[in-house]
1. Which residues' amide hydrogens lie under 5 Å from the amide hydrogen of residue 74, considering only partners 5 or more residues apart or on another chain, with H built in the peptide plane?
2. Pop out the ³J(HN,Hα) list for segment 95-103 in order, Karplus 6.51 cos²θ - 1.76 cosθ + 1.60 with θ = phi - 60°, rounded to Hz; leave Gly and Pro as x.
3. What distance in nm separates the two pseudo spin-label positions at residue 173 and residue 131, each 7 Å out from Cα along the beta-carbon direction?
4. Could you work out what % of the accessible surface of segment 81-178 is carbon and sulfur, using a 1.4 angstrom probe and leaving DNA, RNA and ligands out of the count?
5. Using the heavy atoms of the protein chains alone and a 1.4 angstrom probe, what is the accessible area of segment 63-178 per residue in square angstrom?
6. Quick one: if you stick a label point 7 Å off each Cα along the C-beta vector at residue 110 and residue 77, how many nm between them?
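The values are calculated or read from the model by the stated rules, or taken from the named source; none is laboratory data. Predicted model, so just to flag it, every value in this text is computed and none were measured. Cβ coordinates were reconstructed from backbone atoms using ideal geometry, including for glycine residues, and neighbour counts include every protein chain displayed. In case anyone asks, the SASA skips ligands and DNA or RNA and just uses the protein heavy atoms, side chains included. Shrake-Rupley method; radii C 1.70, N 1.55, O 1.52, S 1.80 Å.
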Amino acid sequence: ALIAIGVWVVSVIGAYANGFDLTTEGALPGESRNESQLQGRDRFVRGIGRHDQELVRIRGDLLEGLSVGGEKFDVILTSFALHHLATAQKSTFFQLAYRRLNHDGILLLIDTVRDDGEDRKLYLDRYCAWLRREFKTLSMEALDRLCDHIRSNDFPETLAALDAMATRAGFGTHLEIN
């Protein structure tokens, strides 16, 4: 099953942990059916700090969620959500994330990127070909729907483009982990 997880923001201060789920609405078809699977993340975050610490979950637009409030965080983690945003929105994300981080806070970004010199069409063609080759248990109709969704909703950048956006927002050097 596909689980739509927008951005997962965790503030860890001493023995306390607070989490906010800011999911881009409609990122994946049927994401509301996966709501029950988010419960495991409650246990994960509670395991970081005190077990009696209340976990606050806010569902809504990723950029709007980062815009509201002034609380600072030690860690902002976004996992496979940024590529759903347009380039200007990604730039806004980095600016908002930078403002919401504590001085020594870190942004953990997990997402798909295009190869240097690869345009979006080539990336999408390559990605859909890989899906069709590897996901043999899916029907051709399901693969067609999946690829249609990807072609309409995925806008991955190159790592260099993301790095430039992050640098303009105020972030220092990045560490790439493959």
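1. Under 5 Å from the amide H of residue 74: 12, 102.
2. Each residue's phi maps through the Karplus curve to give 5, 5, 4, 4, 5, 8, 8, 4, 3 Hz.
3. So the label points at residue 173 and residue 131 sit 3.7 nm apart.
4. 55 percent
5. 61 Å²
6. Result: 0.6 nm between the two label points.
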